[in-house]
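Derivation of every value follows stated rules applied to the coordinates shown; laboratory data play no part. No experiment lies behind these values; they were computed from the predicted model shown. In this analysis, Cβ positions are derived from the backbone assuming ideal geometry, glycine residues included, and neighbour counts consider all displayed protein chains.
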Amino acid sequence: MLIVGATRGVGCALTEALSDDCDLWTASRAANSPLGSPHIEWDASTDDLPTESLPTRLDGLVYCPGTIRLMPFPRLTDQMFLEDLQVNLFGAIRALRATLPSSKSSSDPSVVLFSTVAVATGMPMHASVSAAKGALEGLTRSLAAEFAPKIRVNAIAPSVTDTPLASGILRNERLRQAAASRHPMERIGQVIDLAGVARFLLSPESSWMTGQIIHVDGGIGTLRRFN
């Protein structure tokens, strides 16, 4: 199993959760794996994933890298949109392209990608990341159809989660409380919330699921409460 973005946040939590259950390969811009597993130093936004470092069989691929660029639309440049597309969409495409032969060698391969609740629920200041992750959701459904029944492809769409990536928007207690209060569950997400769902999607227990966008968002995407 290959986890891309395994040295921080959700990827790190998932690597730890799976370390006792399967053979793991990891990839990230960092030089080393957090658990000492076989590791590929890779910048997903610019480079092709080195195929010579991959095993001949992969039971799962998880692509975790993402961006959070919250900015008014008039301030967003073409370059900013392109940068977000490079990380969120094209990095996933590069990972999928490189691992496809190894995935085909597995008896029950599963791909897990990460979107955002802001694709399905319009949110101000999210134009660039929503556009990039919206493209990723389209890719998820298209490849799920193309690869069926051999390879399952699903995506997780979280709301704000307590990770290094979100540190800018959760940089003090006031902002953390404000973010928590917007969710019906009255808290922000934790990495274990997302890692647990990713682990399920990688397992045989989800073998009849493909092409799904799973919202793990504290209810913010579908619920409205009246106080």
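Starting from the Cα gyration tensor of the stretch 1-57, take the square roots of the eigenvalues, sort them a ≥ b ≥ c, and report rounded, prolate or oblate (rounded when a/c is under 1.5, otherwise prolate if a/b is larger than b/c, else oblate). Note, shape of the stretch 1-57 comes out oblate.
Take each of the peptides 136-142, 21-27, 31-37, average the number of other beta-carbon atoms within 10 Å over its residues, and list them starting from the highest.
Ranked from most to least packed, the peptides come out as 21-27, 136-142, 31-37.
Taking N as the number of residues in the stretch 43-106, what is its Cα Rg relative to 2.2 N^0.38 Å?
Computed over Cα atoms of the stretch 43-106, the ratio equals 1.38.
Restricting the calculation to Cα atoms, the chain shows an Rg/Rh of 0.96 when the hydrodynamic-style radius is the Kirkwood one. At a Förster radius of 25 Å, what calculated FRET efficiency corresponds to the Cβ-Cβ distance of Gln177 and Met80, to the nearest 0.05? Efficiency at R0 = 25 Å is approximately 0.30. Packing, as the average of other Cβ atoms within 10 Å across residues, places the peptides 54-66, 114-126 in the order 54-66, 114-126, highest first.
Using C-alpha pairs below 8 Å separated by at least 6 residues, the relative contact order for the chain is 21 percent. Selection among Met209, Gly219, Gln177 by position relative to the dipole of the stretch 155-227 gives Gln177 as farthest towards the positive end (Cβ unit charges, Cα centre).
Averaging Cα coordinates gives a centre for the stretch 43-64 and one for the stretch 110-143; these two points are 21 Å apart. The shape of the stretch 68-182 can be summarised by an equivalent ellipsoid whose semi-axes, obtained from the alpha carbon gyration tensor, come to 30, 16, 12 Å from longest to shortest.
Simple point charges give the picture: +1 on the Cβ of Lys and Arg, -1 on the Cβ of Asp and Glu, and for the chain a dipole about the Cα centre of about 740 debye. Peptides 166-173, 81-88, 153-160 ranked from most to least packed give 153-160, 81-88, 166-173, packing being the mean of other C-beta atoms within 10 angstrom over each peptide's residues.
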